[in-house]
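One structure is given here, and the rest of the page talks about it.
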């Protein structure tokens, strides 16, 4: 059995995988202990102090001994040792953290329609690289996911790959914001939530009907908030920098007004709503008040909105063109504070792969969006835990547990009998992000050429295992 | 560089410029058609002084102009941005006898550039050249009509002309490399 | 010698750079007064005038400037419609790279395109106006026009009127005038002002009458209807009431004050028909044509300084 670095390996049946000396952080059980984990056939068997002394003698070679060894010579931490009879692997995880894998609530897989940017298979690779074991894929594909055929296809691929992909269906036909989709049928065929992501229903009455109908099926609405009358022609946040750079602005009112509208509608309709990639400080304030009033509202922020502000556009680098736009430093600070104070529930990447030529161009011509699946932990950890005083345990809760709570999924826990969805983190590891880092088909990362701290050393997803160099 | 010799002092320069004024008048049979153009920077005061001498001799007014030849040099792109000064030729030169004045005649390239520049301003009847010092080593077929003093030099020597208007004293010195 | 090899953003120039350009513009102004308005200083240099946006005034000004310096200038014009795709800009850049040129002059309808191109090209670049971002050579010629009238800048008060939001001229002018120590106000309406304009350290007025008696320079922007994506300004009638220079207002201006305009003037909008037709001594205040003429001298100075830089 060959085990290779930096790609997904599938372990043969009956192989025993033991993770030694890991610090296990499991927010659901409230556990933070140093123990060993035994996994067989993708399922956690035992947790505790496991004896490996007898087995250790038969362990002869690490994968560091194969041809690529020189590349990883300096990498000693997560050292897999494989036994002679090849059905036993030991991962030495002294100094590393093991936690339930993350769920990314906002991902664009680009299949069907733009498979040159990403497809389901490459998206899964990227997710595993990022320590993510579940993702919601957005419906703005070509054609859009406004019918059950698409959902059936996604679900079948996900099942075949034994990877949790939760498709989100559109709430209006062709995401045009004019006609409502078949919510009931979509739900029966696997839609975990509804969203017109990338678009926003401008017609308030229609939004009201959508909320009422979604409430009937207890379907979550994931809302991209944008009042087009404020964002039309806009290329970046409207403020000092848009004035200076002569680029048309998108006022934060574009988001604020819609957040306000939809909170009112949710209050009336009792729909469950989730604001995705919020960007403005006033949105945080509105959501805080809505939560205080007991309205069923949740929200997420992206790592790039937490990390950057509109000053990044000063070099006219279209990489930083995103929608909603990177806003002012005051907005960025409010978002960070929102995460700190639990107003913002979770972090989602809004992973939006684009081709080189769509991003390496002028601001006006460039596509909006950056990739994020593979850096969701490193970027969040660098911003929140290294630069601010945020606890790692809470970050794991935000990335692993709370998204599943919002979606009504089983909560992930590291205990016997559970499917192994385990992410191994090296929190002191620093890396300069370059194009070699990525497993995604696209490399339009906002963190390109930036140094981040806290990287995924390995991900175990059922029988799939990936060890990162 | 080491000072080797003082070649001309204030009185020498004064005498030379008077002599040249006479030579110009003689050759041109009077001052009627003359205009003077000094090449920046030290040709300008020399031109003024000769013109003044002629005014005193003839009792007539003489036009003088200033010419900056930076834009006409053949080595602009090879040099750091030079100090360009304003060219000031506030009179017509068509049909005139233009007396072009410079301090030192060396390779001839400055004069070549000056001739180009002057012809951009019009078509004089003649252009005549006055230099205070001719130190030889011509690289172009150019000669002066009126020479203050011929000073044969070697290439590792240099000539320093100082004038009251630009350098607070009148002198011509020769320097040699150490 | 300039501290920069490009001129993309007016703020890249130091005060000394600006002074050097002003001094050299005087020299070239003299050349422009000659019968033979041409010097051979840039013989053998090739300049490409790349205009991705229709423009005659600026393009011709650069072309004349280059020709009077004896440089070879090649006009590359392309309508914006055929350059809509981002790829085309990159492709065009590759084409230029393979041409042997010494200087690029670029005008584009999108902000930041010149910055974008400069990342890929090692040649000196002059920004001839990009979208709503900047028009640095216009700012330099405006400054030169002011210098010729007043001799200095420090403490002069300038009022810029009209559509600041959509104006690259205003952005460059404000930055340059402030840099040179002038006191700048804007006279406009909220919908014609960019967000956070106060960051520039300018005073804001709503009517030309607020500044007319005290200002040394009244700088009137062209009301650019073609750049207005949103028609939020109510009407010409309203514009005339608050922002137009008419004879009555002209007569209130200080002695020795100036009226400037980047041109072409919309008669009856920014400046009244009757003021444009004046033949009295008051007309001396209006420097519109002098600005155009100074534009050639300033651009000659800039091209010369950039191309003779080591």
If one takes the longest principal axis of the Cα atoms in chain C, at what angle in degrees, from 0 to 90 and to the nearest 10, does the Cα axis of helix C:168-179 lie?
80
Could you state the orientation-averaged shadow area of the convex hull built on the Cα atoms of segment A:383-459, in nm² to one decimal?
6.7
Degrees, to the nearest 10: C:86-98 long Cα axis against longest axis of chain C:
50
Here the FRET efficiency for residue A:314 versus residue A:233, based on Cβ atoms and R0 = 25 Å and rounded to 0.05, is 0.80
Dimensions (Å) - segment B:2-176, Cα atoms, principal axes, largest first
45, 40, 30
Please compute the modelled spin-label separation between residue B:145 and residue A:411, points set 7 Å along Cα→Cβ, answer in nm with one decimal.
10.7
Ascending count of other beta-carbon atoms within 10 Å, so fewest first, for A:277, A:351, C:199, A:304:
C:199, A:277, A:304, A:351
I want to make sure I understand the PRE zone here: with the label point 7 angstrom from the Cα of residue A:435 toward its beta carbon, which residues in segment C:105-149 have backbone N atoms less than 16 Å away?
C:120
Sorted by Cβ density within 10 Å, fewest first, the residues A:111, C:273, C:247:
C:273, C:247, A:111
Rg (one decimal) and Dmax (whole number) from the Cα set of chain C, in Å, equal 19.2, 57
Shielding by partners - mean other protein chain Cβ count within 10 Å, residues of C:106-113
5
Cβ neighbours within 10 Å, averaged per peptide: list B:16-24, A:361-369 in order, most packed at the top.
A:361-369, B:16-24
Under a GNM of chain B (C-alpha, springs under 10 Å), which listed residue has the highest mean-square fluctuation: B:15, B:40, B:109?
B:15
What's the exposure ranking of A:327, C:34, A:466, C:119, going from fewest to most Cβ atoms within 10 Å?
C:119, C:34, A:466, A:327
Take the protein assembly as shown, drop everything but the C-alpha atoms, weight them equally and run the Debye formula without solvent; then report log10 I(q)/I(0) at 0.10 Å⁻¹ to two decimals.
-1.12
Need one value for C:127-136: mean number of C-beta atoms belonging to other chains within 10 Å of its residues' C-beta atoms.
3
Calculate the all-directions average of the projected area of segment C:136-291's alpha-carbon convex hull, and give it in nm².
8.3
Other protein chain Cβ atoms within 10 Å, averaged over every residue that makes up A:235-248
6
I want to check the label-to-label distance for residue A:149 and residue B:22. Put each point 7 Å from Cα in the C-beta direction and report it in nm to one decimal.
11.2
Within the set B:110, B:87, B:60, GNM on chain B using Cα springs under 10 Å gives the largest fluctuation to B:60
Modelling each spin label as a point 7 Å along the Cα-to-Cβ direction, I'd like the residue A:13/residue B:125 distance in nm, to one decimal.
11.7
Once you have all Cα-Cα distances for chain A, histogram them in 20 Å bins from zero and send the whole-percent values.
25, 57, 17, 1
So if R0 is 25 Å, what FRET efficiency would residue C:121 and residue A:116 give, r being the distance between their Cβ atoms, rounded to the nearest 0.05?
0.35
Going by alpha carbons, how many degrees (0 to 90, nearest 10) lie between the helix axis of C:288-307 and the longest principal axis of chain C?
30
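Rule-based calculations on the coordinates, nothing more; no lab input. Because the structure is a prediction, the values reported are computed rather than measured. Quick reminder, even Gly has a Cβ in these numbers, built from the backbone with ideal geometry, and neighbours come from all protein chains shown.
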